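Colleague: I'd like to ask you about the structure that follows.
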Amino acid sequence: MGRKSVRQAFRVGSDVDLAAIDPRGRPIGPKDKSAAAAELTGLGAQLDDLQEALIAEASGGGPRSVLLVLQGMDTSGKGGVISHVAGLVNPQGLAIASFKRPTPQELAHDFLWRIRKRVPRPGQIGVFDRSHYEDVLVARVDGLVPEEVWRARYDTINAFESELDSQGVAIVKCMLHISPEKQQERLLARLDDPAKRWKYNPSDVDTRLKWPQYAQAYTDALRACTTDAAPWYVIPSDRKWYRNWAIAALLAETLAVMGPRFPKPGFDVKAERARVQAAKI
């Protein structure tokens with residue numbers, strides 16, 4: 001039996017048990033920080049080439065794009081992934097959206113209204129820092145809507161993601177899986193470092209106290225909404241270097257399987273070469 005692909009290693013099924021997945025695990029790939037750094041350099045070059053092909057394909061009328069969805073508890077590293085993974089590619093081809101507490105205008109619409117507005121356009125790599133899943137996580141744990149409302153959203157989300165898939169959006173959903181011990185360590189680090197205190201929010205502790213409820217909410221969302229069109233990947237995230245490598249590798253593998261192609265030029269190359277050479281200034 002051959003070696004598992006990166007996507008196979010991290011993909012979860014409808015029977016996923018988060019408690020059985022080690023937040024410090026390394027099921028595939030580099031075994032230490034230095035090896036991960038070396039591999040990340042190569043992944044950056046690969047991602048750069050694939051992204052350029054995706055942008056070029058779209059310039060020729062291709063419809064395809066990529067959407068990276070990042071979900072996780074506070075301090076799981078969503079911002080770190082954006083910096084260290086999305087930072088590997090050309091920012092002109094990125095579309096980053098951060099979904100915070102809904103505004104009154106957003107609350108006046110369907111929960112997917114604000115999400116649809118930020119779906120990446122053809123040729124783009126979109127990144128969602130939190131996403132439509134907040135409406136089956138926070139909305140559930142904090143009792144913002146009745147159970148029959150948030151439960152019905154699973155089917156709505158699956159239909160929405162199937163729609164995106166049919167339009168050429170390759171969806172890569174990553175749950176950044178950390179331990180409560182690691183979260184505590186990172187929260188304390190923010191308080192101890194004056195340069196990081198701006199990241200700290202006292203409400204993070206209130207959310208932390210609901211860890212069991214969030215663990216169940218995440219488990220149910222993963223089980224209900226992992227599909228062939230939009231599978232969920234659970235990324236062990238206690239080790240920042242491994243988390244970054246894993247998501248970069250997932251993106252690279254997804255793009256490689258997509259195989260974006262440079263469009264054929266709509267002109268005679270030989271004739272244009274002759275014109276350029278003859279255009280003396």
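Colleague: Is it possible to state the helix-based mean residue ellipticity at 222 nm for the chain, with each DSSP H run of 4+ residues giving -39500 (n - 2.57), the sum divided by total residues, to the nearest 500 deg cm²/dmol? What is it?
Modeller: Taken over the chain, the calculation gives -15000 deg cm²/dmol.
Colleague: Under a straight-distance cross-link criterion of Cα-Cα below 18 Å, which lysines are reachable from Lys270, leaving out those fewer than 8 residues away in the same chain?
Modeller: Counting by Cα, and skipping residues close in sequence, Lys270 has these lysines nearby: Lys280.
Colleague: What's the FRET efficiency of Lys4 with Ile281 using the Cβ-Cβ distance as r and R₀ = 51 Å, to the nearest 0.05?
Modeller: With a Förster radius of 51 Å, E is 0.35.
Colleague: Anything in the chain that counts as a DSSP H helix reaching 15 Å or more along its axis (C-alpha) with Kyte-Doolittle mean of at least 0.0? List them, would you?
Modeller: Membrane-span-like by this rule: 33-59, 240-258.
Colleague: Sticking with this one: Just the accessible area per residue of the chain, please: how many Å² with a 1.4 Å probe?
Modeller: 52 Å²
Colleague: Moving on to the next point. Using a cut-off of 14 Å between beta-carbons, work out the net charge of the residues near Lys4 (Lys and Arg +1, Asp and Glu -1, Lys4 not included).
Modeller: +3
Colleague: Another question, if that's okay. Roughly how many Å is it from the Cα centre of the stretch 19-54 to that of the stretch 242-256, as a whole number?
Modeller: If we compute the Cα centre of each part, the gap is 5 Å.
Colleague: I would also like to ask the following. Can you compute the radius of gyration and Dmax for the stretch 141-205, using only the Cα atoms, both in Å?
Modeller: Radius of gyration, then largest Cα-Cα span, for the stretch 141-205: 18.1, 48 Å.
Colleague: Please find, in a Gaussian network model of the chain (springs between Cα atoms separated by less than 10 Å), the residue of Lys199, Lys173, Lys78 whose mean-square fluctuation is greatest.
Modeller: Most flexible of the set in this elastic network: Lys199.
Colleague: Within the chain, what whole-number % of the accessible surface is contributed by carbon and sulfur, with the 1.4 Å probe and all protein chains included in the calculation?
Modeller: The nonpolar share, carbon plus sulfur, comes to 53 percent.
Colleague: Same structure, new question: According to the square roots a ≥ b ≥ c of the eigenvalues of the Cα gyration tensor, what is the shape class of the chain, taking rounded for a/c under 1.5, prolate for a/b larger than b/c otherwise, and oblate for the remainder?
Modeller: The shape class here is prolate.
Colleague: Restricting to Cα pairs below 8 Å that are 6+ residues apart, what does the relative contact order work out to for the stretch 1-100? Please round to a whole percent.
Modeller: 25 percent
Colleague: Under 1.5 on a/c is rounded, so check that first for the stretch 1-147, then, if it is not, pick prolate when a/b is larger than b/c and oblate when it is not; a ≥ b ≥ c are the square roots of the alpha carbon gyration tensor eigenvalues.
Modeller: Cα axes put the stretch 1-147 in the oblate bin.
Colleague: Quick check: pseudo-label points 7 Å beyond the Cα along Cα→Cβ at Gln167 and Leu144, how many nm apart are they?
Modeller: Going from the Gln167 label point to the Leu144 one covers 2.2 nm.
Colleague: Continuing with this model, one more query. So if I place +1 on the C-beta of Lys and Arg and -1 on the C-beta of Asp and Glu, and nothing else carries charge, what would the dipole magnitude of the stretch 100-229 be about its Cα centre? I want it in debye, nearest 20.
Modeller: Charge dipole of the stretch 100-229: 500 debye, to the nearest 20.
Colleague: Taking square-rooted eigenvalues a ≥ b ≥ c of the alpha carbon gyration tensor, is the stretch 201-281 rounded, prolate or oblate, where a/c under 1.5 means rounded and, failing that, a/b exceeding b/c means prolate?
Modeller: Prolate, since a/c reaches 1.5 and a/b exceeds b/c.
Colleague: With +1 on the Cβ of every Lys and Arg and -1 on the Cβ of every Asp and Glu, and nothing else charged, how large is the dipole of the chain about its Cα centre, in debye rounded to the nearest 20?
Modeller: Charge dipole of the chain: 860 debye, to the nearest 20.
Colleague: Follow-up. Show which lysines lie in cross-link reach of Lys100 when reach means a straight Cα distance below 19 angstrom and same-chain residues fewer than eight apart are skipped.
Modeller: Once the sequence-local lysines are set aside, what remains near Lys100 is Lys78, Lys117, Lys173, Lys199, Lys210.
Colleague: Out of all DSSP beta bridges with both ends in the chain, state the antiparallel percent to the nearest 5.
Modeller: 5 percent
The values are calculated or read from the model by the stated rules, or taken from the named source; none is laboratory data. None of the values given here were measured: they were computed from a predicted structure. Here the Cβ is made from the backbone with ideal geometry for all residues, glycine too, and neighbour counts use every protein chain on show. The area values use the complete protein model at the heavy-atom level, side chains included, leaving out ligands, DNA and RNA. Shrake-Rupley method; radii C 1.70, N 1.55, O 1.52, S 1.80 Å.
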